[in-house]
1. Under 7 Å between Cβ atoms, at least 6 apart or on separate chains: pull out the pairs that start in the stretch 150-163 with a residue that is without any contact (Cβ under 8 Å) to a residue 40 or more places away in the chain and end on any residue that is assigned to a helix (DSSP H, G or I) and exposed (fewer than 10 other Cβ atoms within 10 Å of the Cβ).
2. Taking residue 107 as the residue in question, decide whether it is buried (at least 16 other Cβ atoms within 10 Å of the Cβ) and more than 21 Å from residue 28 (Cα to Cα).
3. Test residue 104 against the stated conditions and say whether it is under 25 Å from residue 32 (Cβ atoms), over 10 Å from the mean Cα position of the chain (by Cα) and in contact (Cβ under 8 Å) with a residue 60 or more places away in the chain.
4. Take the residues in the stretch 172-207 that are closer than 21 Å to residue 140 by Cα and out of contact with any helix residue (DSSP H, G or I) (no Cβ under 6 Å at 6 or more places or on another chain), then tell me which one is surrounded by the most Cβ atoms within 10 Å (Cβ to Cβ).
5. Just for the stretch 119-138: of the residues that are under 15 Å from residue 13 (Cα atoms) and in contact (Cβ under 8 Å) with a residue 40 or more places away in the chain, which one is farthest from the chain's Cα centre (by Cα)?
6. Taking the criterion of being under 25 Å from residue 159 (Cα atoms), free of Cβ contacts under 8 Å to residues at least 24 places away in the same chain and either more than 17 Å from the chain's Cα centre (by Cα) or in a helix (DSSP H, G or I) (or both), would at least one residue in the stretch 75-88 satisfy it?
7. For residue 135, work out the one condition from (1) in contact with a strand residue (DSSP E or B) (Cβ under 9 Å, 6 or more places away or on another chain); (2) under 30 Å from residue 201 (Cα atoms); (3) surrounded by 20 or more Cβ atoms within 10 Å (Cβ to Cβ) it doesn't fulfil.
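The values are calculated or read from the model by the stated rules, or taken from the named source; none is laboratory data. These numbers were taken from a predicted model, which means no experiment stands behind them. Reconstructed Cβ throughout: ideal geometry from the backbone, glycine too, with neighbour counts over all protein chains shown.
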């Protein structure tokens, strides 16, 4: 378990996050949101994330021009910068982007980058944000769809309560508002549930 002062070089779900012209511009916009109240800030960070990338899974499934390129984005691993350059990404790129922008906007007291399995073969990445003890689930994948028929998690309302807590070889990422400022927490292989982490940190801070 380690605390980081920056998102530079993190790789959630194998999406490498590094500074670049497009990400830096989005980060600048996110920093401008710091003075907003939580609700307005949450909506604004969602809008930044949705606006930065079209839903590559939906575009692949629709077929037509560029479908193979969108399939490549979904099925193969690329850095976040490439998804931003192509203006298209699936849930893992979208989740990573929302995490970074949330961190820079000081969104919430705690923010977890999560994944959950849908059926036997598919998983979805989503974000779990706490404002105090109030829990907010964000799926930029869902928010970016233009046609809900391409939502492969549709009909499974409990999916966001089944976040994976153990993934051998995987690093779990979250950030937390500490007495010294927000820090990114990295945990290898497995971690406690988000509510256990939130309650433990809040207790240490006397909240």
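1. 154/148
2. Spelling it out, it is not the case that residue 107 is buried (at least 16 other Cβ atoms within 10 Å of the Cβ) and more than 21 Å from residue 28 (Cα to Cα).
3. yes
4. 172
5. Step by step, filter the stretch 119-138, then rank; the result is 123.
6. Yes, some residue in the stretch 75-88 is under 25 Å from residue 159 (Cα atoms), free of Cβ contacts under 8 Å to residues at least 24 places away in the same chain and either more than 17 Å from the chain's Cα centre (by Cα) or in a helix (DSSP H, G or I) (or both).
7. Residue 135 satisfies all of (1) in contact with a strand residue (DSSP E or B) (Cβ under 9 Å, 6 or more places away or on another chain); (2) under 30 Å from residue 201 (Cα atoms); (3) surrounded by 20 or more Cβ atoms within 10 Å (Cβ to Cβ) except (3).
This table checks each residue for (1) buried (at least 16 other Cβ atoms within 10 Å of the Cβ); (2) in a loop (DSSP other than H, G, I, E, B); (3) under 14 Å from the mean Cα position of the chain (by Cα).
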| site | (1), (2), (3) |
| --- | --- |
| 6 | no, yes, no |
| 9 | no, yes, no |
| 30 | yes, no, no |
| 34 | no, yes, no |
| 39 | no, no, no |
| 46 | yes, no, yes |
| 61 | yes, no, no |
| 65 | no, yes, no |
| 92 | yes, no, yes |
